[in-house]
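Engineer: For reference, the structure I am asking about is given below.
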Amino acid sequence: MRHLMSPLDFTTKELDRLFDLANDIERNPGKYAHACDGRILATCFYEPSTRTRLSFESAMTRLGGCIIGFSDAASSSASKGESVSDTIRIISGYADICAMRHPKEGAPMVAAEKSEIPVINAGDGGHQHPTQTLTDLLTIRSMKGKLSGFTIGLCGDLKFGRTVHSLINALVRYSDIRFVFISPEELRVPDYITEMLKAKDIPYEEVIRLEHVMPRLDLLYMTRVQKERFFNEEDYVRLKDFYILNSDKMALAKPDMLVLHPLPRVNEISVEVDSDPRAAYFKQAKYGVYVRMALILTLLEIQVP
C-alpha cells in the first residue's frame, strides 16, 4: 500500500507515467468511466476548500466511484475531540482511499501511519500540497511540452505558500531550471528553500518588483497573500495588494510565457488578464481533475486496458 504525502514520493519516471495516464484520461474519458466502480473515496477536509475537494470528488465520480466525507472540522468528530489517528482508523473501514486536508503540518502523515487504505495529503498547513504540485507539473508539461529548461518566476506569498514550497522542491529534480522569487521582504521564501538551492547549485534570485523581471520569464506562478496564515490583520491589509498582474505588466512578457495560479485569486490577477491566451490558470484547474483521476487509479493499483 502506498500513500502520497509529498511530490517527492514519486520518482520523475513515476511522474512521467502518471502524467501520461492523465493525458490519456483527458483524451479518452469514456475509457475510464467505470474504472472505480464499487470503490469509495473519503474526503476528510478539516479546513475549507473549493478546488481541491471538488476536484477530488469530480475525479472519483468520473471514474465511476462514490464519495463520502466532510468539508470542515466542525462537521466531523474532531469537534468532539477525536484524534486524526482514530478518525482514519474508522475511515479505513468505510472507504478504499482517503484525501485529507488539515491545518496542522504533518497531520496527513500521522493518518497514513495508522491507515489501512492509501492516504493522499490534500494540503497540510503551510507545509505541502502535493496534488496541487502534480497539477502544476502536468499543466507545464502539457502546455510547454517539457519540465526542464526554463526560468520560472514565483510571485506573492512565498513564505506561507505551501503550493510554492512543494513546486520548488519538485522542479529541482529537473535540469536547467532557474528560479526568480518575487515578493516583499516580509513574505520571502524560507531560508531552508534557498539553502537547498545553494547546496544543489541551482540558480535563483530574489527581487521585489515584478515588472523588472517579466521579460525574462518563461512561466509566472502567481499566488495570493493568504489572510488565514497571518497573525494580525494589519500586516495582511498592508501586503494583500502588493502585486497585481494586469495588462500593462503582461505587455512586458514573452509571447509564449504562461501564467499559472493555484487559485483562489483575490486581487493579484486582474480580470482583464483572463482573456490573454497566456493565462493558463483556469485550464490548470481542469488539469487538476485529470491528475487526481490518474493518482487515484495509481494508488488503488487499477489498470485500465
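The values are calculated or read from the model by the stated rules, or taken from the named source; none is laboratory data. All values derive from a computational prediction rather than experimental measurement. We place every Cβ from the backbone using ideal geometry, glycine too, and count neighbours over all the protein chains shown. Accessible surface is based on the protein model in full, side chains and every heavy atom, while ligands, DNA and RNA are left aside. Shrake-Rupley method; radii C 1.70, N 1.55, O 1.52, S 1.80 Å.
Engineer: So which residues in region 261-284 are modelled with pLDDT of 95 or more and within 25 Å of residue 122 (Cα to Cα)?
Structural biologist: Matches in region 261-284: 261, 269, 279, 280, 281, 282, 283, 284.
Engineer: Return a yes/no flag: does region 224-247 have any residue that is small (Gly, Ala, Ser), buried (at least 19 other Cβ atoms within 10 Å of the Cβ) and modelled with pLDDT of 95 or more.
Structural biologist: No, that holds for no residue.
Engineer: Same structure again: I want to confirm something. Restricting to region 108-118 and keeping residues that are farther than 20 Å from residue 48 by Cβ and touching a helix residue (DSSP H, G or I) at 6+ places or on another chain (Cβ under 7 Å), which single residue is surrounded by the fewest Cβ atoms within 10 Å (Cβ to Cβ)?
Structural biologist: Initially, region 108-118 is screened for residues farther than 20 Å from residue 48 by Cβ, giving 109-110, 112-118.
Imposing the further condition that a residue be touching a helix residue (DSSP H, G or I) at 6+ places or on another chain (Cβ under 7 Å) reduces the set to 110, 114-118.
On the way: 110: 18, 114: 15, 115: 21, 116: 11, 117: 22, 118: 21.
Here the answer is 116.
Engineer: Among 82, 105, 26, which is the only one that is open to solvent by 40 Å² or more (accessible area, probe 1.4 Å) and in a helix (DSSP H, G or I)?
Structural biologist: 26
Engineer: So residue 60 passes all but one of these: (1) assigned to a helix (DSSP H, G or I); (2) under 18 Å from residue 116 (Cβ atoms). Which condition number does it fail?
Structural biologist: For residue 60, the failing item is (2).
Engineer: Could I ask something else about it? How many of the residues in region 7-22 are more than 14 Å from residue 174 (Cβ to Cβ) and either among the polar types (S, T, N, Q) or open to solvent by less than 10 Å² (accessible area, probe 1.4 Å) (or both)?
Structural biologist: 2
Engineer: Go through the residues of region 159-169 one by one and say whether even a single one is among the polar types (S, T, N, Q), touching an Asp or Glu at 6+ places or on another chain (Cβ under 6 Å) and in contact (Cβ under 8 Å) with a residue 40 or more places away in the chain.
Structural biologist: Looking through region 159-169, none of the residues is among the polar types (S, T, N, Q), touching an Asp or Glu at 6+ places or on another chain (Cβ under 6 Å) and in contact (Cβ under 8 Å) with a residue 40 or more places away in the chain.
Engineer: While we're on this one: Take residue 202 and decide whether it is surrounded by 18 or more Cβ atoms within 10 Å (Cβ to Cβ) and either modelled with pLDDT of 90 or more or of a type in the set (Val, Ile, Thr) (or both).
Structural biologist: no
Engineer: Within region 131-211, which strands (runs of 3 or more DSSP E) (wholly inside it) include 1 or more residues that are over 16 Å from residue 258 (Cα atoms) and in contact with a helix residue (DSSP H, G or I) (Cβ under 6 Å, 6 or more places away or on another chain)?
Structural biologist: It comes to 204-207.
Engineer: When the residues of region 57-69 are narrowed to those that are open to solvent by 30 Å² or more (accessible area, probe 1.4 Å) and in contact with a Ser or Thr (Cβ under 9 Å, 6 or more places away or on another chain), which ends up modelled with the lowest pLDDT?
Structural biologist: Out of the qualifying residues, it is 69.
Engineer: If you don't mind, there's one more thing I want to ask. Filter region 30-56 down to the residues that are modelled with pLDDT under 95, open to solvent by less than 30 Å² (accessible area, probe 1.4 Å) and either assigned to a helix (DSSP H, G or I) or small (Gly, Ala, Ser) (or both) and list them by number.
Structural biologist: 49, 52
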